[in-house]
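Right, one structure below, let's go through it.
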2 protein chains.
Amino acid sequence: MRTDVRSGCPISLSLEVFGDRWTLLVLRDVIFGGSRHFRELLDGPERISSNILADRLAALVEHGLLTRSGDPTHKQKVTYSLTEPAIQLVPVLACMSAWGLEHLPAKDPQAAAARVLVDGGPAAWEAYMSDLRELHLGAGARHRPAPHAPSLGDRMAVAARASGRA
Amino acid sequence: MRTDVRSGCPISLSLEVFGDRWTLLVLRDVIFGGSRHFRELLDGPERISSNILADRLAALVEHGLLTRSGDPTHKQKVTYSLTEPAIQLVPVLACMSAWGLEHLPAKDPQAAAARVLVDGGPAAWEAYMSDLRELHLGAGARHRPAPHAPSLGDRMAVAARASGRA
């Protein structure tokens, strides 16, 4: 994380790390879209350019929000994983989703998936964060037992598919 | 609000409106700092430049997050007010504060004030939003009765002052 910052304010410090539209969209695609590779992220719905994606991925690794494994000389072969601080951005993204659903013309299927996330509230976000820990940090990193019910991610995917058929 | 957007995702749409570091810092200073005028905002802790501040204020008005009253030909005399959508960004900023307090080297007095905000949780944020409605939209816009206890804003100010004396 950066230390050459100009303010002690936690909002300002946070924005030094992720206060860039493309940075948060890349994190959204890793957190909610399951994207782990350069090519998948390049194919996201906002059509990020290759050079911006490479720049933002490098910054996310530098700031400790993503780690990369695989062959760093072949960017198509690198797998990106969330760190614990990145996983803890789920509530921030959920609050942004709630605001966007309320005030902007969000459309299906993304709106349907976001509605499941928002309506689930903090308990569902915590469960989703546990799922992300297992997926990105390993089974030992899970903070709570895996639920028997469908995961929030499954329910978001179901809602998105159902909206597409409507 | 903009309609010339490229994605139906509520996070992406939200970031089209406020996904810029300076935009969120200006909103923070209006929401938590009580700044209502160009000169006050220019004196914020991050030393925003005059042209960036003018640009972001114009965009916030265009996007329906701020309204301006007073003499628009004299920018020093204009008073900015939050709209209801802007007031509803309090939970987003609170979640960012929580993340920054946890993961970054936030410093007093801002850290002490943010801790009060974060620890208060959603009920305190709702009360603060009611206070903002009365201040920015008029007494009739308050959604809940004014509390007898010190407001969240008062408690944040007390914590910030106390940390400064420590």
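The values are calculated or read from the model by the stated rules, or taken from the named source; none is laboratory data. Everything numeric in this text was worked out from a predicted model, so none of it was measured. Methodologically, a virtual Cβ is constructed for each residue, glycine included, from the backbone with ideal geometry; neighbour enumeration extends over all protein chains shown.
Remarks
- Residue tally, condition at negative phi, under 18 Å from the mean Cα position of the chain (by Cα) and not aromatic (Phe, Trp, Tyr), over the range A:120-152: 19
- Flag for residue A:93 being outside the structural domain of residue A:156 (by TED's automatic domain parsing), of a type in the set (A, V, I, L, M, F, W, C), modelled with pLDDT of 95 or more and out of contact with any Ser or Thr (no Cβ under 9 Å at 6 or more places or on another chain): no
- The single condition from (1) touching a Ser or Thr at 6+ places or on another chain (Cβ under 8 Å); (2) within 14 Å of chain A (Cβ to nearest Cβ) that residue B:70 fails is (2).
- Lone unmet requirement of (1) touching a residue at least 24 places away in the same chain (Cβ under 8 Å); (2) not assigned by TED's automatic domain parsing to the domain that holds residue B:25; (3) not charged (D, E, K, R) for residue B:138: (1)
- Failed item, numbered, when residue A:48 is tested on (1) over 12 Å from the mean Cα position of the chain (by Cα); (2) surrounded by fewer than 17 Cβ atoms within 10 Å (Cβ to Cβ); (3) of a type outside the set (S, T, N, Q): (2)
- Selection over the range A:35-45 of residues that are surrounded by fewer than 18 Cβ atoms within 10 Å (Cβ to Cβ) and assigned to a loop (DSSP other than H, G, I, E, B) gives a count of 3.
- Looking across the range A:58-74, the residues that are more than 13 Å from residue A:18 (Cβ to Cβ) and of a type outside the set (Val, Ile, Thr) come down to A:58, A:68, A:69, A:70, A:71, A:72, A:74.
- Any hit, the range A:110-122, residues being under 23 Å from residue A:63 (Cα atoms) and not assigned by TED's automatic domain parsing to the domain that holds residue A:19: no
- The single residue among B:65, B:27, B:15 that is touching a residue at least 60 places away in the same chain (Cβ under 8 Å), within 13 Å of chain A (Cβ to nearest Cβ) and hydrophobic (A, V, I, L, M, F, W, C) turns out to be B:27.
- Sole residue being under 13 Å from the mean Cα position of the chain (by Cα) and closer than 30 Å to residue B:114 by Cα, chosen from A:57, A:41, A:104, A:13: A:57
- Extreme residue, modelled with the lowest pLDDT, among residues of the range A:142-159 that are farther than 10 Å from residue A:117 by Cα and small (Gly, Ala, Ser): A:146
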